[in-house]
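Have a look at the structure below before the remarks.
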Amino acid sequence: MKQDPSNRANQFVSLKAALFVSILLFIFAVGASAFRKDAPVKEVSLNIINRDSTESVKAFETVYKTLMSPRCMNCHPAGNVPLQGDDSHLHAMAPKRGVEGKGVSAMKCSNCHQETNTPGLHMPPGNPEWHLPPATMKMVFEGKSAHELAEQLMDKKKNGNKDIKKLIEHADDGLVLAGWNPGEGRTLPPVTHAEFKKAWITWLQTGAYAPKK
Amino acid sequence: MAKITLNINKKEYPMEADPQMPLLWAIRDLAGLKGTKYGCGVAQCGACVVHLDGEAVRSCVTKVSRAAGKQVVTIEGLSETNSHPAQLAWQEIDVPQCGYCHSGQIMSAAVLLREKPDPTDQDIDDAMAGNICRCGTYLRIRKAIHLAADMQKKTTTKG
């Protein structure tokens, strides 16, 4: 079939017009969104997130059982007194959290907790940074369901404004690592630090999905 | 063993000691200052409290190495003439019964009074919960701390 040359010219003009209108619309849309006060700001993360809710929730099972073990949970109490022992009882002498999480006046953590574990059974474990989360960011583990804990860990208002990168780095924080060097007579978390870290990163990089319960 | 010099009550004490040794032994046995007491040895009772750069540390679990280069203050050095408000109040109220725990009690109270010059009962409980008294002088301790706070206020006002 032969086409009418005038029709071809009309088609070319309409294509040009369509392209022009599209560019105009694009510029207008970009400009309009830039001036919208409530425009959502999407964060650009360099981490590759491969969303996979099944793998994510599965990885969180390991994360959850680790964080709820006494070596982690004892310093993330629901109240303002740390917990102690494998039964997570209230710390003897009831030392208080204080504003910075480092205790109060004559009862500061470092008054007893040295930079390293003090040798012997029932002696204070040690770390240079020994403290609870501060009063403004309590990061409670005690009593939380897996769903609640996952939501809390990802909530920047509750996690010390940590993004995925900072959360991943936190797995190697000195006090986190101290959980695997708890001092004489204290049980270790249920998995190794390497296994925990692998599960932690997997959970975060597959979308940090919260379990249903 | 290592050569270590401790500054205790503004005086230098050169000594040979294992850096891992509890500060309490250095204070009592090497410096000869017997006012600080050994109670439990596991940081549970507070009888051994001294000030390390102003903090109420338990000298039974504090290593000598941690104290090197810092200011250690024991009950003997809290004031030159036993005139710290806590010491005066302790005498006024006649707080001790057997007295064994009270150097530690007073050293803890001194930190509380510095950080909270007008402590409430709750502040006192929070600060002193780690100092055990088997004679049960807790009510007198609380009363003495309130009195010391009043004395301190008057001194500050006069000064």
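Every read-out reported here was derived from the displayed coordinates using simple, explicitly stated rules and does not represent laboratory data. For clarity, every value in this text was computed on a predicted model and none was experimentally measured. Neighbour counts are summed over all protein chains in view; Cβ atoms, including those assigned to glycine, are modelled from backbone coordinates with ideal geometry.
Only a single item in (1) in contact (Cβ under 8 Å) with a residue 24 or more places away in the chain; (2) in a helix (DSSP H, G or I); (3) more than 11 Å from the chain's Cα centre (by Cα) is not met by B:C45, and it is number (2).
Taken over the stretch A:180-194, the criterion of being within 19 Å of the chain's Cα centre (by Cα) and over 14 Å from A:C72 (Cβ atoms) is satisfied by A:A194 alone.
Can you report the number of residues in the stretch B:110-131 which are within 7 Å of chain A (Cβ to nearest Cβ), part of a loop (DSSP other than H, G, I, E, B) and in contact (Cβ under 8 Å) with a residue 60 or more places away in the chain? Total satisfying the criteria: 1.
Looking at the stretch A:152-168, can you tell me whether even one residue there is within 14 Å of chain B (Cβ to nearest Cβ) and more than 30 Å from B:S103 (Cα to Cα)? So far as the stretch A:152-168 goes, no, none of its residues is within 14 Å of chain B (Cβ to nearest Cβ) and more than 30 Å from B:S103 (Cα to Cα). Scanning the stretch A:50-107 for residues that are in contact with a Gly (Cβ under 6 Å, 6 or more places away or on another chain), in a loop (DSSP other than H, G, I, E, B) and among the aliphatic types (A, V, I, L, M) turns up A:A78, A:M93. Count of the stretch A:70-121 residues, restricted to those that are β-branched (V, I, T) and closer than 23 Å to B:V64 by Cβ, is 2. In the stretch B:28-85, which residue that is among the β-branched types (V, I, T) and within 11 Å of another protein chain (Cβ to nearest Cβ) is surrounded by the fewest Cβ atoms within 10 Å (Cβ to Cβ)? The selected residue is B:V42.
Give the residue that is nearest to B:I75 (Cα to Cα), with candidates limited to residues of the stretch B:89-106 that are free of Cβ contacts under 8 Å to residues at least 60 places away in the same chain and surrounded by 23 or more Cβ atoms within 10 Å (Cβ to Cβ). So, considering only residues that are free of Cβ contacts under 8 Å to residues at least 60 places away in the same chain and surrounded by 23 or more Cβ atoms within 10 Å (Cβ to Cβ), the one nearest to B:I75 (Cα to Cα) is B:I106. Inside the stretch A:162-175, residues that are in a loop (DSSP other than H, G, I, E, B) and over 9 Å from the mean Cα position of the chain (by Cα) make up a count of 3. When restricted to residues that are aliphatic (A, V, I, L, M) and surrounded by fewer than 24 Cβ atoms within 10 Å (Cβ to Cβ), the stretch B:125-145 contains 3. Answer yes if at least one residue in the stretch A:136-143 is of a type in the set (K, R) and more than 14 Å from chain B (Cβ to nearest Cβ), and no otherwise. For the stretch A:136-143, residues of a type in the set (K, R) and more than 14 Å from chain B (Cβ to nearest Cβ): present.
Okay, residues lined up against (1) under 23 Å from A:E195 (Cβ atoms); (2) surrounded by 15 or more Cβ atoms within 10 Å (Cβ to Cβ); (3) in contact with a Ser or Thr (Cβ under 8 Å, 6 or more places away or on another chain):
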| position | (1), (2), (3) |
| --- | --- |
| A:E115 | no, no, no |
| A:G126 | no, yes, yes |
| A:P133 | no, yes, no |
| A:K156 | no, no, no |
| A:I164 | yes, yes, yes |
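Taking the criterion of being of a type in the set (S, T, Y) and free of Cβ contacts under 8 Å to residues at least 12 places away in the same chain, the residues of the stretch A:68-123 that qualify are A:S105, A:T116.
Only a single criterion out of (1) touching a strand residue (DSSP E or B) at 6+ places or on another chain (Cβ under 9 Å); (2) away from every other protein chain (no Cβ under 13 Å) is not satisfied by B:Y100, namely (1).
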